[in-house]
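What follows is a single structure, written as structure tokens, with notes after it.
The values are calculated or read from the model by the stated rules, or taken from the named source; none is laboratory data. These numbers were taken from a predicted model, which means no experiment stands behind them. Every residue, glycine among them, receives a Cβ derived from its backbone with ideal geometry; neighbour counts consider all protein chains shown.
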Amino acid sequence: MKISITDDGSGITKEFARAIGATILGRFVNIPESKGSGYLTGFAWGRDLRMMIRNYHLKEDVFIERTNELAEGQEDIIFLLSGIFPSPIHPEEELLPEQANMVICRHAVSSIIAMPRNTAFKSVTIAASKHYLQQMFAHIEHPVVSSVLEATNNFIFETGISAEIITTASEMLLRPVPESMESQYCKLKCKELLCHIFTLLMQQDAIPSGNMHINDIKAIYAIKTHLLAYLHEPPNVKALAKNAGMSEPKLRKLFKHTFGKGVFEYYQFARMQKAAQLLREKRLSVAEVGYQVGFTNLSHFSRVFTQHTGSKPKRYSSN
């Protein structure tokens with residue numbers, strides 16, 4: 001299913017709900033059984049701070065082409081924290097986990113949002129005005145923090161998440177307070193998440209690339225999608241650049257700026273994430289996992305896995 005949505009700054013939740021035939025009950029958007037299960041919900045604390053929680057899965061692939069038409073002077077920064085809730089909606093269903101990561105971009109960046117079927121979407125999206133963020137974090141002297149707070153051109157930046165983010169998001173999902181206090185509770189947790197996010201930014205070396213054309217953003221994310229789909233094959237940067245219609249140096253530069261890792265480094269990182277997931281959730285043998293992610297030499301697989309996780313595959317599986 002392909003959906004085209006225009007976001008005027010208030011988000012795309014209602015338009016998404018209308019497109020898939022979801023029911024809206026209060027602040028909850030409930031996914032219909034014919035389309036999947038779960039819900040979306042959120043809060044808005046004025047124009048400076050908004051938040052949406054996604055906790056659902058879909059039975060068919062959905063692609064949203066989002067075009068942003070923001071009011072003059074509206075300069076929001078979007079923080080998308082994916083794969084951060086600890087358990088799937090229905091444990092008995094065979095759902096793929098959403099990749100755990102964090103994407104930061106200007107709200108003005110129009111984009112393609114892919115929602116593959118049978119994937120558990122467990123994410124929090126925060127939209128905060130630059131003014132609000134500057135009030136909280138402008139005192140921090142760090143090049144990556146400054147590049148986010150002072151951005152005037154399009155940028156998109158992706159990195160990992162922390163255990164603190166997962167813990168805070170889980171507390172937000174459970175909301176152990178009376179309904180009358182949920183909004184205030186979630187606002188506090190939202191600010192706590194922003195503190196953890198900027199703590200992570202202070203650990204980054206790469207500065208988000210400014211003034212990226214939407215076509216370059218789409219091309220870079222198409223390359224990322226290709227890498228994740230073919231984890232058993234080492235990336236051919238020359239071929240990827242040719243298919244993307246850009247030079248190899250440009251591809252390497254934009255990829256590094258966007259994901260904080262080079263193409264091969266990101267590919268290796270993704271392979272180890274996939275291997276860890278297979279060992280943890282599918283209970284496959286070390287040999288089976290190694291072959292699935294493209295290793296023919298199991299000793300080499302064990303060394304690379306240990307470098308990335310700090311644990312040998314067999315020990316990781318048994319734990």
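Suppose the filter is small (Gly, Ala, Ser), out of contact with any helix residue (DSSP H, G or I) (no Cβ under 8 Å at 6 or more places or on another chain), under 20 Å from Phe259 (Cβ atoms) and at pLDDT below 90; does Ser147 pass it?
Values: small (Gly, Ala, Ser): yes; out of contact with any helix residue (DSSP H, G or I) (no Cβ under 8 Å at 6 or more places or on another chain): yes; under 20 Å from Phe259 (Cβ atoms): yes; at pLDDT below 90: yes.
Criteria met by Ser147.
Would you check which residues across region 37-59 are farther than 25 Å from Tyr132 by Cβ and without any contact (Cβ under 8 Å) to a residue 40 or more places away in the chain and list them? Steps first, please.
Residues of region 37-59 that are farther than 25 Å from Tyr132 by Cβ, as a first pass: 37-39, 55-59.
Answer for region 37-59, where residues must be farther than 25 Å from Tyr132 by Cβ and without any contact (Cβ under 8 Å) to a residue 40 or more places away in the chain: just Tyr39.
Is it the case that Ala169 is small (Gly, Ala, Ser), under 30 Å from His139 (Cβ atoms) and not in a helix (DSSP H, G or I)?
When the stated conditions are applied, Ala169 does not pass them.
Return the residue satisfying two criteria in turn: it lies in region 91-141 and is in a strand (DSSP E or B), among the β-branched types (Val, Ile, Thr) and farther than 23 Å from Leu188 by Cα, and of such residues it is modelled with the lowest pLDDT. Working first, answer last.
First, the residues of region 91-141 that are in a strand (DSSP E or B): 96-97, 101-106, 111-115, 119-129.
Add one more test, that the residue is among the β-branched types (Val, Ile, Thr), and what stays is 103-104, 112-113, 119, 124-126.
Remaining after also requiring farther than 23 Å from Leu188 by Cα: 112-113, 119.
Working: Ile112: 60, Ile113: 71, Thr119: 83.
In this case the residue turns out to be Ile112.
Please enumerate the residues belonging to region 271-294 that are within 19 Å of the chain's Cα centre (by Cα), modelled with pLDDT of 80 or more and within 18 Å of Ala120 (Cβ to Cβ).
Gln273, Lys274, Ala276
Looking at Leu58, is it at pLDDT 90 or above and either crowded, with 19+ Cβ neighbours inside 10 Å or of a type in the set (Lys, Arg) (or both)?
Working: at pLDDT 90 or above: no; either crowded, with 19+ Cβ neighbours inside 10 Å or of a type in the set (Lys, Arg) (or both): yes.
So Leu58 fails the test.
Give the residues of region 213-238 that are outside any helix (DSSP H, G or I) and either among the charged types (D, E, K, R) or touching a residue at least 60 places away in the same chain (Cβ under 8 Å) (or both), sorted by residue number. So that I can check it myself, show each step before the final result.
Of region 213-238, the ones outside any helix (DSSP H, G or I) are 213, 230-236.
If the condition is that a residue be outside any helix (DSSP H, G or I) and either among the charged types (D, E, K, R) or touching a residue at least 60 places away in the same chain (Cβ under 8 Å) (or both), then Leu231, His232, Glu233, Pro234 are the ones that fit.
Within region 251-277, can you find the residues that are over 17 Å from Val144 (Cβ atoms) and either in contact with an Asp or Glu (Cβ under 8 Å, 6 or more places away or on another chain) or touching a residue at least 40 places away in the same chain (Cβ under 8 Å) (or both)?
Matches in region 251-277: Val263, Tyr266, Tyr267, Gln268, Ala270, Arg271, Gln273, Lys274, Ala276, Gln277.
Taking the options Ser317, Ser311, Ser302, name whichever one is more than 20 Å from Tyr230 (Cβ to Cβ), more than 20 Å from the chain's Cα centre (by Cα) and without any contact (Cβ under 8 Å) to a residue 12 or more places away in the chain. It would help to see each step written out before you state the result.
Details: Ser317 fails: without any contact (Cβ under 8 Å) to a residue 12 or more places away in the chain; Ser302 fails: without any contact (Cβ under 8 Å) to a residue 12 or more places away in the chain.
Answer to the check: Ser311.
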